[in-house]
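Undergrad: One structure, pasted below without further comment.
The values are calculated or read from the model by the stated rules, or taken from the named source; none is laboratory data. Remember, it's a predicted structure, so these values are computed and weren't measured experimentally. Note: ideal-geometry Cβ built from the backbone for every residue, glycine included; neighbour counts use all protein chains shown.
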Amino acid sequence: MANLLDIRRRIRSVKNTQQITKAMKMVSAAKLKRAQDRVVAARPYAAKMTQVLGRLAARAGDSFHDPLLDERGDQHYLLVLITADKGLAGAFNANLIKAAQIFLQENADKQIELLAIGRKGRDFFRRRQINIVGEYVGLTGKGRIEHEEALDVARDIMRRFTEDESLDKVFIIYNEFKSVLQQRVVVEQLLPVPRVETGPQQTIEYIYEQPPAEIFGRLLPRYVETQVFRALLESVASEHGARMTAMDSATKNAGELINHLTLTMNRIRQAAITKEIIEVVSGAAAL
């Protein structure tokens, strides 16, 4: 059985850890509120952009051509993986990496290159000799994604797609923020831009000052930039939500462990005191 000194040392160590996890939980909670507000503000814009693009596509017709719409082959993919720069976020990074591994396994006959956003994903696949053609480290670790930073990433992706004619498709994997307790892994095609289906509610005729095809061509890059920016915002909010939940659970577990160790320490002390009393009584009886 452990002695009192060892148990006191363990209690002190767990209390120190509990203070750290509690502080990390509070920091993540503050960052989550700001990140969540930005996600909520960005979603309507992204949805409306998709809606407008669908209407313009219907007006522009099938004759409209743009490099971002080029339907090519189905052999060469670029996979954009958005993970975190830091750990201690529960299964946040593990779920994303698992989704990427499944994607690689399901497309094992394809030539797949990886664009890693986040240190965790980059380090994991670098150790497994996956072809990483680009990386963005430190982007999500700050807790706030600036619009210009997202534009740089989106333009890099579009440049790779338009300049490399052998590149057939671009896919993106990220965590979509649902709630503090729930994040959903999303795997979707980014390029070529998928055709937006126009439903019955989109049959309203709009009058455009410029030709629809011209507006459509100008909006396509903005659409890709918006999707990348939204994915980064969703990922940051999901990361803070996952980390806050993980640190809250760790803080509670530390409290339970402290209670258990304190109870064990008290039992050992009680046993030692009882033993000393018995020895004193036995000595007195012998006299």
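Undergrad: Tally time: how many residues in segment 85-104 are of a type outside the set (Phe, Trp, Tyr) and at pLDDT 95 or above?
TA: Final tally of qualifying residues: 11.
Undergrad: In this structure, does residue 38 turn out to be of a type in the set (Lys, Arg), surrounded by 12 or more Cβ atoms within 10 Å (Cβ to Cβ) and more than 29 Å from the chain's Cα centre (by Cα)?
TA: no
Undergrad: Just to be sure, is residue 200 loosely packed, with under 14 Cβ neighbours inside 10 Å, within 27 Å of the chain's Cα centre (by Cα) and at pLDDT below 95?
TA: no
Undergrad: Go through segment 208-244 and count every residue that is modelled with pLDDT of 85 or more and over 14 Å from the mean Cα position of the chain (by Cα).
TA: Of the residues in that region, 10 qualify.
Per-residue answers, yes or no, for (1) surrounded by fewer than 18 Cβ atoms within 10 Å (Cβ to Cβ); (2) at positive phi; (3) small (Gly, Ala, Ser):
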residue	(1), (2), (3)
3	yes, no, no
23	yes, no, yes
29	yes, no, yes
32	no, no, no
44	yes, no, no
75	yes, no, no
80	no, no, no
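Undergrad: Can you say whether residue 138 is small (Gly, Ala, Ser), within 20 Å of the chain's Cα centre (by Cα), surrounded by 13 or more Cβ atoms within 10 Å (Cβ to Cβ) and at pLDDT below 95, as far as the supplied structure shows?
TA: Here the answer is no, as residue 138 does not meet what is asked.
Undergrad: For segment 265-281, does any single residue satisfy the condition of being among the basic types (Lys, Arg), at negative phi, in a helix (DSSP H, G or I) and surrounded by 13 or more Cβ atoms within 10 Å (Cβ to Cβ)?
TA: Checked against the condition, which is being among the basic types (Lys, Arg), at negative phi, in a helix (DSSP H, G or I) and surrounded by 13 or more Cβ atoms within 10 Å (Cβ to Cβ), segment 265-281 yields no hits at all.
Undergrad: Hey, another quick one. State which residue pairs qualify: first residue farther than 21 Å from residue 181 by Cβ and inside segment 33-62, second residue acidic (Asp, Glu) in any location, beta carbons under 8 Å apart, and separation of 6 or more residues or different chains.
TA: Going by the 8 Å Cβ cut-off, the qualifying pairs are 54/197.
Undergrad: Also: List every residue pair whose Cβ atoms sit under 7 Å apart, with the two residues 6 or more apart in sequence or on different chains, where the first one lies in segment 4-24 and is in a helix (DSSP H, G or I) and the second, anywhere, is among the small types (Gly, Ala, Ser).
TA: Listed by first residue and then by second, the contacts come to 14/254; 17/254; 18/254; 18/255; 21/250; 21/254.
Undergrad: Across segment 58-116, which residue is nearest to residue 168 (Cα to Cα) among those that are in a loop (DSSP other than H, G, I, E, B) and among the hydroxyl-bearing types (Ser, Thr, Tyr)?
TA: That would be 63.
Undergrad: Go through segment 138-183 and give me each residue that's of a type outside the set (D, E, K, R) and in contact with a Pro (Cβ under 9 Å, 6 or more places away or on another chain).
TA: 154, 158, 161, 162, 170
Undergrad: Just one of (1) of a type in the set (Gly, Ala, Ser); (2) part of a loop (DSSP other than H, G, I, E, B); (3) out of contact with any His (no Cβ under 8 Å at 6 or more places or on another chain); (4) surrounded by 15 or more Cβ atoms within 10 Å (Cβ to Cβ) trips up residue 121, so point out which.
TA: Against the list (1) of a type in the set (Gly, Ala, Ser); (2) part of a loop (DSSP other than H, G, I, E, B); (3) out of contact with any His (no Cβ under 8 Å at 6 or more places or on another chain); (4) surrounded by 15 or more Cβ atoms within 10 Å (Cβ to Cβ), residue 121 comes up short only on (2).
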